[in-house]
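All remarks here apply to the structure that follows.
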Amino acid sequence: MAASLVESGEDAFRKVFKFYKRRNPPPDFSNVLDFSKGEGSNKVVPLKLDPATVSDAEAARVGLRPVRDWTAFELRGYPGFIFIPDPFVLGSQAFWVRQCLKTYPRKPNVCNLDMHMSPSDTQDIWDRSVPDLRLPSSGKRRPDTLLERLRWVTLGYHYNWDTKTYCADRRTPFPADLHQLSRHVTAACGFPGFDAEAGILNYYRPDSSLGIHVDESELDHSRPLLSFSFGQSAIFLLGGLCRRDPPTAMYMHSGDLMLMSGQSRLLHHAVPRILPAPRGHASSGMESSSRVSSPGDGSVVETPSQEDWEACVGYIRSSRVNVTVRQVLAPGQTFPGASSSHRGTDVGRTGGNHDEDGECGKRKRSRDSET
Ligand code: SIN
């Protein structure tokens, strides 16, 4: 069944979702777009980015190659959708993976494990997982580490899965390094002044999936939604404004960036399947014998320690991490009912108050829904 051949109509997206999620017999992947291979399809259109928007030095400081060296694509029929296959400097993805696994899950950020565990137990997810993750893979199954039980982490304005809203008083500081990376990528894509205010990290095990949803809780939809993928690959489905529209399937490999803006900002999307990364992607493509930065160059990117990197590899050899970054409010905008000076206050720890695998309405985060 080719995704493009599924007719629009009730459940067309759901049918495609189930098709790619199926294990037995495995689906035919021949219609899945692979942007890393360039213009393999007449749906894929090269996009020229303006290299003057981000200086080479600014790009290097966050681990990106000069913008003139990126390849960027649009997708026919999806105005505002931009795909950039891995624009990272060799070796720098390792830093971002380490941040996603070690740094961002720390308090005061909020994660699914907060639902079931005490603050003292979720305080050191990384330290408690490292010894097992560093063990050489023996082929024997061991109990999952805490890190392998992580499903999501929220940053900045913490999304409330129950009310499907952000609000002023559930906010902690957004990581400065990720803010800088997001600002440069969005500027290169034609959105200067992007303010990264909320982030959702999704952690995928080999059998995980993410149900069909639209990201519409942000109050300003004129700003893009930005997505970074690391580790194993995924099939990403991009549908229409209406849930019934049949989606286009594409691979997301480690380092790939995706931006949904304009008419594509509110499209339905989903991740039905995680797939082994092709050779040269994921951990093998992240290592570099040279250091990615030198002290004093203003870089936010540093080479992880050997111990940290071994634990990261232990995790991403079977898993995927996706980070979506959002601007919630337009410049000068406030939350309904808040005073004009109240775009939100940084508070300490905020509680996670929703089910790990439960339905989240507009953002339905079921690992095995749509089946
Ligand atoms: C992805 O994992 O690629 C998509 C995540 C999302 O839609 O939030």
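The values are calculated or read from the model by the stated rules, or taken from the named source; none is laboratory data. As the structure is a computational prediction, the values presented were derived from the model and not from experiment. In this analysis, Cβ positions are derived from the backbone assuming ideal geometry, glycine residues included, and neighbour counts consider all displayed protein chains. These accessible areas exclude ligands, DNA and RNA; they are computed on the full protein's heavy atoms, side chains included. Shrake-Rupley method; radii C 1.70, N 1.55, O 1.52, S 1.80 Å.
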Carbon + sulfur, % of accessible area of region 105-260 - ligands and nucleic acids excluded, 1.4 Å: 50
Lysine pairs in region 1-131 with Cα distance under 24 Å, only those 8 or more apart or on different chains: how many are there? 5
How large is ³J(HN,Hα), in whole Hz, for each residue of region 181-195 in order, when computed from phi with the Karplus curve 6.51 cos²θ - 1.76 cosθ + 1.60 and θ = phi - 60°, using x for Gly and Pro? 4, 5, 5, 6, 5, 5, 4, 4, 8, x, 10, x, x, 4, 10
For region 206-273, report the accessible area per residue in Å² (1.4 Å probe, heavy atoms, rounded to an integer). 23
Full-extension gain in nm, THR334 to GLN123, via 0.36 nm per residue minus C-alpha separation: 72.8 nm
Highest mean first, what order results for 197-206, 211-220, 129-138 on Cβ atoms within 10 Å? 197-206, 211-220, 129-138
Ordering HIS184, HIS158 from largest to smallest accessible area (1.4 angstrom probe), what's the sequence? HIS184, HIS158
With +1 on the Cβ of every Lys and Arg and -1 on the Cβ of every Asp and Glu, and nothing else charged, how large is the dipole of region 101-228 about its Cα centre, in debye rounded to the nearest 20? 520
May I ask you to give the solvent-accessible area per residue for region 18-142, in square angstrom, as obtained with a 1.4 angstrom probe? 49
Taking H as built 1.01 Å from N, whose amide H comes closer than 5 Å to the amide H of CYS167, not counting residues under 5 places away? HIS158
Here region 47-64 yields Karplus 3J(HN,Hα) values (6.51, -1.76, 1.60; θ = phi - 60°; whole Hz; Gly and Pro given as x) of 10, 8, 9, 8, x, 7, 6, 9, 6, 4, 5, 5, 4, 4, 5, 9, x, 9
Efficiency by 1/(1 + (r/R0)^6): what FRET value for SER30 and ASP69, r their Cβ-Cβ distance, R0 = 35 Å, to the nearest 0.05? 0.70
Karplus (6.51, -1.76, 1.60) ³J(HN,Hα), θ = phi - 60°, over region 153-169, in Hz, Gly and Pro reported as x: 9, 10, 10, x, 6, 7, 4, 9, 5, 7, 8, 6, 9, 9, 8, 4, 9
